[in-house]
2 protein chains.
Amino acid sequence: MNKPTSQNAFETPNVTTGPLPGSRRVYTHPQAAPHLAVPHREIELHPTAMEPPVRVYDTSGPYADPDAAIDVEAGLPRWRTERIMARGGVEFCEGREPTPLDNGGATGKYLARAFPVRHKPLRATTFPSPLMGEVVERSETGRGEATSPHPAGSGDPSTLPIKGRGKADRHPVTQLEFARAGIITDEMIYAAERENLGRTHALPDAAKNLADGESFGASVPEFVTPEFVRDEIARGRAIIPANINHPELEPMVIGRNFLVKINANIGNSAVASSVEEEVDKMVWAIRWGGDTVMDLSTGKNIHNTREWILRNSPVPIGTVPIYQALEKVGGVAEDLTFDIFADTLIEQAEQGVDYFTIHAGVRLPYVPLTADRVTGIVSRGGSIMAKWCLAHHRESFLYERFEEICEIMRAYDVSFSLGDGLRPGSTADANDRAQFAELETLGELTKVAWDHGCQVMIEGPGHVAMHKIKANMDKQLETCGEAPFYTLGPLTTDIAPGYDHITSGIGAAMIGWFGCAMLCYVTPKEHLGLPDRDDVKVGVVTYKIAAHAADLAKGHPAARLRDDALSRARFEFRWEDQFNLGLDPETARDFHDQTLPKDAHKVAHFCSMCGPKFCSMKITQEIRDEFGSARAPNSVDEAEQGMAEKAREFQEKGGEIYLETKE
Amino acid sequence: MNKPTSQNAFETPNVTTGPLPGSRRVYTHPQAAPHLAVPHREIELHPTAMEPPVRVYDTSGPYADPDAAIDVEAGLPRWRTERIMARGGVEFCEGREPTPLDNGGATGKYLARAFPVRHKPLRATTFPSPLMGEVVERSETGRGEATSPHPAGSGDPSTLPIKGRGKADRHPVTQLEFARAGIITDEMIYAAERENLGRTHALPDAAKNLADGESFGASVPEFVTPEFVRDEIARGRAIIPANINHPELEPMVIGRNFLVKINANIGNSAVASSVEEEVDKMVWAIRWGGDTVMDLSTGKNIHNTREWILRNSPVPIGTVPIYQALEKVGGVAEDLTFDIFADTLIEQAEQGVDYFTIHAGVRLPYVPLTADRVTGIVSRGGSIMAKWCLAHHRESFLYERFEEICEIMRAYDVSFSLGDGLRPGSTADANDRAQFAELETLGELTKVAWDHGCQVMIEGPGHVAMHKIKANMDKQLETCGEAPFYTLGPLTTDIAPGYDHITSGIGAAMIGWFGCAMLCYVTPKEHLGLPDRDDVKVGVVTYKIAAHAADLAKGHPAARLRDDALSRARFEFRWEDQFNLGLDPETARDFHDQTLPKDAHKVAHFCSMCGPKFCSMKITQEIRDEFGSARAPNSVDEAEQGMAEKAREFQEKGGEIYLETKE
């Protein structure tokens, strides 16, 4: 495992490889598509556990697989291209030629090296064009949305009434279009297999676990079938962010009825960081569990940085295109135009960005609603658009020309992440008129995007005290037709700069429980500086905690398997297993070794809290030895009776004399 | 500021002194008792803020006051002794002579040095005995509990019908006894003044803030009067842990209708740590906000360690006496006797311990209820008692002789912290029969303790997934007559060893919101090792976040003042103010400086996230300049109209030509 050692813009990014301690990457082949190799992570336990390895969701990509040849200069294998071509409706195009402005005009030693390979981009073909290849599977129960232009179950996408309604005459290529057509794609099968961790049927306890949880009206299934994924996408309740130009992707699904996901933000800025650091951070973020990564780079070299990230990323990559568009107009928000923005969307869509944050809900009339806020507009994209609206005294071009944006994104299957440009920047501003006015507009735009066949998720706040979190979730579900919610935290108090991973981890766990589909991490550096490698790890692990706590509380049918395995390891003093089953085996081991550094202690049946002489776990073992084999009593009365019998037995056998307490 | 540098058992403990950055310790004098000097912390803001200093609750004691002479060898000033003597009913006694066994038989170089000064202990006098001195104040509205033996408002404690009901003939000395008698003590006045941060009347927004929150039936007042404190104590809904032998104390109140408090655990163990480290950790823990500290020492030198801690502690100190009792019988649980236990209680009560964890709810019939658990009994005290019960096949002596324990504790006003020996050690075991059977017993014992005039709080779990937390709080309130709940976390998932401050901070914030009065911290080392100094700080800060997030969500009338002040500082780029208003100014500053180390940047109106060219905060300022002086619009329609007018004005004035977007 290596750390990056240089700031030189021409170095090959150095990334961390190899499995986590005790783990190995394994692959299963879905029944519905045996050609797919879907990755999971298996944690091996000590032989004394007498338990099979514990399988967990794996986001780390080929980097964790010692058998995978990693060449950052070549990028990851582009395995999806063949499948995408096979289902047809796409063609290679010359694509937009990169310009110096794409990298902010960086030249000479300031220009980061371009990624060595240039791939021709794919896009949806225009009609008429022959449909190529087979369709993976066809559902009998496909259904359309109320707002869908596509009748349910019509099957062959080439026959869909895609014309009219102001939409371009393009072949359908988005997961939403396929889902509505009743077509189950490879991506859906892949995502379903991951959700089930390769299981072929529901767990015996699935129904019980679901009943034990509180899901606030979610419909988490006992077992995730590809058809369930398709149906959730068709309804707009889930998305698979999967740009056809990001064939390196290991597809995953984001939706309230699936495992809660987390996003890690990376990105260089005008003042700090380099391409190498960002590629390394991406690989580092997914190693610890990042489900998606957003590249929020600003300043120079945005294009080249993103290309290196995309070509090496097995997880969906999101961006905020307005950041780059702003660089193209020299940082002057009022100089932005729709054309510059649209050109940036095409540039990034051709590179393979999987989802775009678009702040189309920041409408002109909402801008003054923020004037009396304690912290005004804190979203960068939101304030860019507010500035533009204010400078021109005119409605946002993102809102006015939203359908054109849809058509660009649809041609590559870039998912919308409708940005909350007016999210509160302090708990004082939470749930105010500006925030909820924008959310209503996002609901309106969701339906427009769906109408254009685009996948949509909705971004949410921000800074919200605990008692106001649920209202956010409920309003989003209602306003946005159950499109997946994707929130930043929320931070539950403003008083802890340096610890906002924690102030927000609290809010994230809660909103995840209430129904949020993806949690955007917050690192300890929030509000203070750019996260470094350590911050990225702490942010990811904190948000894995929040997401998993949410899964447990919802009653996800399999979530508690890992908790229970770790608890058994803890109870049985299998230290190595306890470390390895945790989210961060290295830190756990390091903490243990600080108090009890000797290797012998890793097998010792005690810990540093109580020492070797007395151990509560040991006493419990004695209780278990005494009572464990019998059926546990059902009530206290029964237990009392049982104890009396025990005592009688004891006396009848002439057992040991009671040690009388001195009175 | 100094760090301890030596492990030598004969060194003077080295503690951290001096104020936090930008802060100073100030004192106010309550109207009801002007002789009291009640501490607060004031955070000075930059002159450009045009705001008064922000006052926050201060737990740090004289250590943060540069004018206080700190001499760890002498201990803190024993200011309460005079007041306690003045209200009468107490007398100095010779006290129990320390024995070598009190320090686990440590001798020679292994024996930690005794604290240099030995103070004679106070205890309640037996009848008949003259009442000494005045009573601080007498309430007209004092009321008794249904279970109280003392009629309300009878005033003079010497006339109370203390005889009978199996209780010893002692003068009342506990805060509960005074409260029931309608007497407002210095401690109640002091605690009220702290809760109000020295304010003399309710804030203008108090009612609004309360109405904005969700307190789940709590009765947080707009303003805390000494009478309110008295009434809450009389009802058993709050306690002031304040042993008459801990006169160094700065009294504080624990209850659902007050600010949520946090406890920090320290303590050496058989394998690690020394006296110096523990005294330093205590001072360090309160510096960052610990409201109480538990000394959980085991192994040798327990007595001497505790004496050093108590004599230097301005916060209540709690212990688990069974830990020391176990040491006295060589670590063999079954050799414990009531006499050894009672002797340990007296030893510790005479030293000044403010609250005892007593695991009297671990009853014999509940032991087998734990046999089928994933993690059995994980409470150390709980498993000691389970082991004893099991070995003797007999009911717990703590339960059987609970009234005798009450009488010992009452004579010094040691508060009960009724221990949850059967708390779940994994989310798998949460809310099970064993846990709730014990909780019901704790409710039964609460009423017995109240009947003996003792103050009581109840300990709670542990490991509980989010959806099962509220049931714990609700059941505790119902079962234990609203006695304050004091929980360890709870941890909301088991899969993150090394990060259990976070897994538990989530649960702590939630249960604090639901009504928990005090949150026992969990450090990153939980399950792995003993916390060091850094762990203590991270644990305390995490729990301050949880407690404050809970206060905000409950709608505490003043909690948001600090959030709003910090948010304004953030918005206005007052970096120093943002650092200093935070829970940990040092870490915030350090994180900032990692990206932008130059001093100039501390006054720069930008940050490292966006850089100097573009700044969302700056744009908001422009919006505010444009709209801020006018009344903010009440609706989107009104805002739209306002914008149209603005645009007309602009055109009429021949304002700048719109930059047309290219279409």
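The values are calculated or read from the model by the stated rules, or taken from the named source; none is laboratory data. All values derive from a computational prediction rather than experimental measurement. Backbone-built Cβ (ideal geometry, glycine too); neighbour counts: all protein chains shown. Each accessible area value is taken on the protein alone, full model and side chains, heavy atoms only, with ligands, DNA and RNA left out. Shrake-Rupley method; radii C 1.70, N 1.55, O 1.52, S 1.80 Å.
Scanning region B:461-485 for residues that are crowded, with 24+ Cβ neighbours inside 10 Å and closer than 14 Å to B:Thr427 by Cα turns up B:Pro461, B:Gly462, B:His463, B:Val464, B:Ala465, B:Met466, B:Ile469, B:Asn472. Screening A:Asp432 against (1) in contact with a strand residue (DSSP E or B) (Cβ under 8 Å, 6 or more places away or on another chain); (2) within 21 Å of B:Asp563 (Cα to Cα); (3) of a type outside the set (Lys, Arg) leaves a single unmet condition, (1). B:Thr305 passes all but one of (1) outside any helix (DSSP H, G or I); (2) in contact with a helix residue (DSSP H, G or I) (Cβ under 8 Å, 6 or more places away or on another chain); (3) in contact (Cβ under 8 Å) with a residue 60 or more places away in the chain; which number fails? Here B:Thr305 clears every test but (1). Considering only residues in region A:520-532 that are in contact with a Phe, Trp or Tyr (Cβ under 6 Å, 6 or more places away or on another chain) and within 9 Å of another protein chain (Cβ to nearest Cβ), the one that is surrounded by the most Cβ atoms within 10 Å (Cβ to Cβ) turns out to be A:Leu528. Contact map, region B:469-495: first residue more than 16 Å from B:Val378 (Cβ to Cβ) and free of Cβ contacts under 8 Å to residues at least 12 places away in the same chain, second residue open to solvent by 10 Å² or more (accessible area, probe 1.4 Å) and part of a helix (DSSP H, G or I), Cβ cut-off under 8 Å, separation 6 or more or different chains; pairs are B:Ile495/A:His548; B:Ile495/A:Arg562.
Filter region B:474-492 for residues that are hydrophobic (A, V, I, L, M, F, W, C) and away from chain A (no Cβ under 14 Å); which is farthest from B:Thr542 (Cα to Cα)? Here the residue is B:Cys480. Scanning region A:363-385 for residues that are of a type in the set (A, V, I, L, M, F, W, C), in a helix (DSSP H, G or I) and at the interface with another protein chain (Cβ under 7 Å from one of its Cβ atoms), we see that the one that is farthest from A:Glu395 (Cα to Cα) is A:Leu369.
Against the conditions (1) under 29 Å from A:Leu566 (Cα atoms); (2) more than 10 Å from every other protein chain (Cβ to nearest Cβ), B:His501 satisfies every one except (2). Quick check on A:His556: is it more than 30 Å from A:Lys447 (Cβ to Cβ), open to solvent by 10 Å² or more (accessible area, probe 1.4 Å) and either facing chain B (nearest Cβ under 9 Å) or assigned to a loop (DSSP other than H, G, I, E, B) (or both)? The answer is no for A:His556. Applying the set (1) within 11 Å of chain A (Cβ to nearest Cβ); (2) under 27 Å from B:Ala74 (Cβ atoms); (3) more than 19 Å from the chain's Cα centre (by Cα) to B:Asp339 leaves exactly one unmet item: (2). Taking the criterion of being touching a residue at least 60 places away in the same chain (Cβ under 8 Å) and either open to solvent by 10 Å² or more (accessible area, probe 1.4 Å) or in contact with a strand residue (DSSP E or B) (Cβ under 7 Å, 6 or more places away or on another chain) (or both), the residues of region B:533-550 that qualify are B:Arg533, B:Val536, B:Lys537, B:Gly539, B:Val540, B:Tyr543, B:Lys544, B:Ala546, B:Ala547, B:His548.
Quick one: in region B:374-400, of everything that is open to solvent by 30 Å² or more (accessible area, probe 1.4 Å) and either of a type in the set (D, E, K, R) or closer than 23 Å to B:Gly236 by Cβ (or both), which residue is modelled with the lowest pLDDT?
B:Lys387
Determine which member of the set B:Pro30, B:Pro39 is open to solvent by less than 10 Å² (accessible area, probe 1.4 Å) and in a loop (DSSP other than H, G, I, E, B). Of the residues listed, the single one that is open to solvent by less than 10 Å² (accessible area, probe 1.4 Å) and in a loop (DSSP other than H, G, I, E, B) is B:Pro30. The selection criterion, being within 7 Å of chain A (Cβ to nearest Cβ), hydrophobic (A, V, I, L, M, F, W, C), more than 17 Å from B:Met510 (Cα to Cα) and surrounded by 24 or more Cβ atoms within 10 Å (Cβ to Cβ), does not hold for B:Ala569. The residue list B:Asp577, B:Asp584 contains one member that is within 7 Å of chain A (Cβ to nearest Cβ), at pLDDT 65 or above and surrounded by 21 or more Cβ atoms within 10 Å (Cβ to Cβ), which is B:Asp584.
Rundown of residues vs (1) farther than 20 Å from A:Asp413 by Cβ; (2) in contact with an Asp or Glu (Cβ under 9 Å, 6 or more places away or on another chain); (3) part of a strand (DSSP E or B); (4) of a type outside the set (Asp, Glu), yes/no style:
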{"residue": "A:Thr441", "(1), (2), (3), (4)": "yes, no, no, yes"}
{"residue": "A:Glu444", "(1), (2), (3), (4)": "yes, no, no, no"}
{"residue": "A:Glu459", "(1), (2), (3), (4)": "no, yes, yes, no"}
{"residue": "A:Ala471", "(1), (2), (3), (4)": "yes, no, no, yes"}
{"residue": "A:Tyr486", "(1), (2), (3), (4)": "no, yes, yes, yes"}
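Within the span defined as region A:538-548, every residue fails to be more than 19 Å from B:Asp372 (Cα to Cα) and either acidic (Asp, Glu) or in a loop (DSSP other than H, G, I, E, B) (or both). Residues in region A:49-85 that are in contact with a helix residue (DSSP H, G or I) (Cβ under 9 Å, 6 or more places away or on another chain) and part of a helix (DSSP H, G or I): A:Ala49, A:Gly61, A:Tyr63, A:Ala64, A:Arg80, A:Arg83, A:Ile84. As a summary of the residue check, B:Arg83 satisfies the conditions (1) surrounded by 16 or more Cβ atoms within 10 Å (Cβ to Cβ); (2) modelled with pLDDT of 95 or more except for the one numbered (2).
Test A:Ile286 against the stated conditions and say whether it is in contact with a Leu (Cβ under 6 Å, 6 or more places away or on another chain), more than 10 Å from chain B (Cβ to nearest Cβ) and outside any loop (DSSP other than H, G, I, E, B).
It is false that A:Ile286 is in contact with a Leu (Cβ under 6 Å, 6 or more places away or on another chain), more than 10 Å from chain B (Cβ to nearest Cβ) and outside any loop (DSSP other than H, G, I, E, B).
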